[in-house]
Amino acid sequence: MRDTVSRHPAPETRDRILDAAEALFVEHGFEATSMRMITGLAEANIAAVNYHFGTKDALIQEVFRRRLTDLNRQRLAALDIAEAEAAGAPLKPSRIVHAFFGTSLEMAADTANGGHTFMRLLGRTYTEPNGFVRQFLAEEYAEVVERFLAALYRALPDVPREEILWRFHFMMGAMSYAIAGTDALQLFAGSFDDADPERLMPRLMSFLLGGLRAPLPGTENGNDDGGLARRRQ
């Protein structure tokens, strides 16, 4: 019995450290967040951090990995379902967008289990360069991005791949900026209390799909490739 009881505090301490680091990274960034700040918020000591993670870099990686691995798994599962239902036919671009960004927005709406905090951190990471973290995320995203870009290329064969890359980049940026919060919006809108994470999905998905459907540069009235994008939604 004594051995069983002694094993319980370890995972609890580990999770407290991860939760504290996640919240502080959102508020202060990676560089400005010290290990002392993390241990203070987590009510742990530096020995516990060293035991569970070893280094600050390893701690940062684990903060991302514990939620991002599952998020990417959900994205791929959603894409697998869509492709199975299509039975070999190219997917509608809207299904691809929902599979990738919809799962992200569902996590962003989760205020009870830390999903909202994590997605704010992920959004901040996209907009604030950090070589170490970006390299780590590039490796974590490699398979997922390859699958989704391949699906978009197949769904929109007449749209130049370079244009699809740009639009995917713009969609990632829009999602990151929206999830990061309404602070920037309040700069020019004044007091703004409509910040319910659950209302973010329909607003942002509409915006993302509108951007994907927009006419390509150099076309008129969407009659060229932009019109194709519309017809295939």
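The values are calculated or read from the model by the stated rules, or taken from the named source; none is laboratory data. Only a predicted model underlies this, so the values are computations on that prediction, with no experimental measurement involved. We place every Cβ from the backbone using ideal geometry, glycine too, and count neighbours over all the protein chains shown. Remember, those area values only see protein heavy atoms, side chains included, never the ligands or the DNA or RNA. Shrake-Rupley method; radii C 1.70, N 1.55, O 1.52, S 1.80 Å.
A few remarks follow.
- Measuring max minus min along each principal axis, the C-alpha atoms of the stretch 61-132 give extents of 39, 30, 19 Å (largest first).
- Each label point was placed 7 Å from the Cα along the Cα-to-Cβ direction; for ALA138 and ARG154 their separation is 2.7 nm.
- The figure for GLU140 is an accessible area of roughly 50 square angstrom, using a 1.4 Å probe on the protein chains alone.
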